[in-house]
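Since every read-out is calculated from the coordinates, none of them should be taken as a lab result. The model shown is predicted, which means the values in this text are computed figures rather than measured ones. Cβ atoms come from the backbone with ideal geometry, glycine included; neighbour counts cover every protein chain shown.
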Amino acid sequence: MKKYIVLFIIMSSVMLTSCQVNIGESTFYVHWLVIAIPVFILLLLVGLPLGRIKYYCPNCKKTFYTSWIKCVFSVHINNERALKCPHCKKISMCYPSNNQENKK
Ligand SMILES: [Zn+2]
């Protein structure tokens with residue numbers, strides 16, 4: 001996953017040098033890092049707590065941890081996330097294991 005992030009940063013730095021921002025009738029050219037760095041910081045702030053959560057797989061009844069970047073970009077409804085289980089290799093709606101203990 002790290003090599004994809006590095007490749008994305010290199011490709012975007014080659015392809016994107018500035019972004020055109022229109023506010024009213026005036027036009028500004030903003031460097032792409034001014035937009036990309038706050039977005040990346042927001043992804044980190046949202047994703048790092050999600051990466052520490054232990055998820056429960058409803059197929060094999062096992063718990064697992066997953067990376068924060070998979071949590072951020074996964075489809076989710078409330079706390080349930082569509083994650084690929086490392087044990088049974090199936091994508092299913094996994095929920096945090098603490099919620100499973102509370103439901104029983
Ligand atoms: Zn599983």
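Look at (1) over 30 Å from CYS19 (Cα atoms); (2) buried (at least 16 other Cβ atoms within 10 Å of the Cβ); (3) within 16 Å of the chain's Cα centre (by Cα) and you find that GLY47 fails only one, number (1). Of the residues that sit in region 55-102 and are away from the ligand (no atom under 12 Å from the Cβ), part of a loop (DSSP other than H, G, I, E, B) and without any contact (Cβ under 8 Å) to a residue 40 or more places away in the chain, which one is nearest to ILE5 (Cα to Cα)? That would be PHE73. Filtered by the rule that a residue be closer than 20 Å to ILE69 by Cβ and either hydroxyl-bearing (Ser, Thr, Tyr) or part of a strand (DSSP E or B) (or both), region 1-34 gives TYR4, SER12, SER13.
Against the list (1) out of contact with any strand residue (DSSP E or B) (no Cβ under 8 Å at 6 or more places or on another chain); (2) surrounded by 11 or more Cβ atoms within 10 Å (Cβ to Cβ), the condition LYS54 fails is (1). Hey, does region 35-54 have a residue that's within 16 Å of the ligand (Cβ to nearest atom) and in a strand (DSSP E or B)? Checking region 35-54: not a single residue is within 16 Å of the ligand (Cβ to nearest atom) and in a strand (DSSP E or B).
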